[in-house]
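> Just passing along the structure, written as structure tokens.
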Amino acid sequence: MAFEVSAFDEEGDTPPLFRVVFVCTGNICRSPMAEVVFRARVEEAGFGDRVVVGSRGTGDWHVGEHADARTVAALQRRGYDGSRHRARQFEAADYDRHDLVVVFDRGQERILRGWAPTEADRSKVQLLLSFDRDAATGAGDGTDVPDPYYSDAAMFETVLDMVEHASTALFRQIEPALRQGSTT
């Protein structure tokens, strides 16, 4: 899949090569996990100044709140820091601000494709597990990452396993373009 870079309006001398936003329902469980994990992959590879990573929720229930304590704890057990996260809601301008909008389940995919003002924006919306050929071996159905919110700490660990694996697969797909200096 080729990703087209759109205009970027942030300050700085060098615009990022790639901008990705992870979107779940409330922006306190799955999407903060993916944001933290994917950012770690990007920074480990030395592209932290060239890739913008964010997360949002489709709903506004948790705007301004920290990530769920179980999310932060699961991340911390694996050496990630999710403590600074604050929930935000996805808005129409996010289509222009990002090259890729990654969702966790088909419901979010339908919502965000329905909100998209153009076909180009609709094509930016992709399921996280679509980047992972081995996704069917996880706790989900091969398409959806289950929402751990109403579950226990063990489910947060299972979801984090899925997020780590799929985030690594996504990064491997964009890494060659980042090395060449272009994501088109």
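One line per residue, one yes/no per condition, for (1) at pLDDT 90 or above; (2) surrounded by 15 or more Cβ atoms within 10 Å (Cβ to Cβ):
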residue: S123; (1), (2): yes, yes
residue: S130; (1), (2): yes, yes
residue: A135; (1), (2): no, yes
residue: G140; (1), (2): no, yes
residue: P148; (1), (2): yes, yes
residue: A153; (1), (2): yes, no
residue: T158; (1), (2): yes, yes
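> Check the range 47-57 and report whether any residue there is among the basic types (K, R), over 12 Å from the mean Cα position of the chain (by Cα) and modelled with pLDDT under 95.
Yes - at least one qualifying residue is present in the range 47-57.
> I'm checking my understanding of the structure. Among residues of the range 160-184 that are part of a loop (DSSP other than H, G, I, E, B) and surrounded by fewer than 19 Cβ atoms within 10 Å (Cβ to Cβ), which one is modelled with the lowest pLDDT?
So the residue we want is T184.
> Tell me, please, whether a residue that is more than 21 Å from V53 (Cβ to Cβ) and of a type in the set (S, T, Y) can be found in the range 131-139.
Taking every residue of the range 131-139 in turn, at least one turns out to be more than 21 Å from V53 (Cβ to Cβ) and of a type in the set (S, T, Y).
> Of everything in the range 23-51, what is of a type in the set (D, E, K, R) and part of a loop (DSSP other than H, G, I, E, B)? Give them in sequence order.
Passing the criteria: D49, R50.
> Would you call R106 surrounded by fewer than 19 Cβ atoms within 10 Å (Cβ to Cβ) and either modelled with pLDDT under 95 or touching a strand residue (DSSP E or B) at 6+ places or on another chain (Cβ under 8 Å) (or both)?
For R106, the condition - surrounded by fewer than 19 Cβ atoms within 10 Å (Cβ to Cβ) and either modelled with pLDDT under 95 or touching a strand residue (DSSP E or B) at 6+ places or on another chain (Cβ under 8 Å) (or both) - is met.
> I would also like to ask the following. Counting only residues that are assigned to a loop (DSSP other than H, G, I, E, B) and among the acidic types (D, E), which one in the range 71-112 is nearest to V163 (Cα to Cα)?
Among residues in the range 71-112 that are assigned to a loop (DSSP other than H, G, I, E, B) and among the acidic types (D, E), the one nearest to V163 (Cα to Cα) is D105.
> Filter the range 55-69 down to the residues that are surrounded by 20 or more Cβ atoms within 10 Å (Cβ to Cβ) and outside any loop (DSSP other than H, G, I, E, B) and list them by number.
Those that are surrounded by 20 or more Cβ atoms within 10 Å (Cβ to Cβ) and outside any loop (DSSP other than H, G, I, E, B): S55, R56, G57.
The values are calculated or read from the model by the stated rules, or taken from the named source; none is laboratory data. Bear in mind that the values here come from a model prediction, so they are computed numbers and not experimental data. Cβ sites come from the backbone with ideal geometry, for glycine too, and all protein chains shown count toward neighbours.
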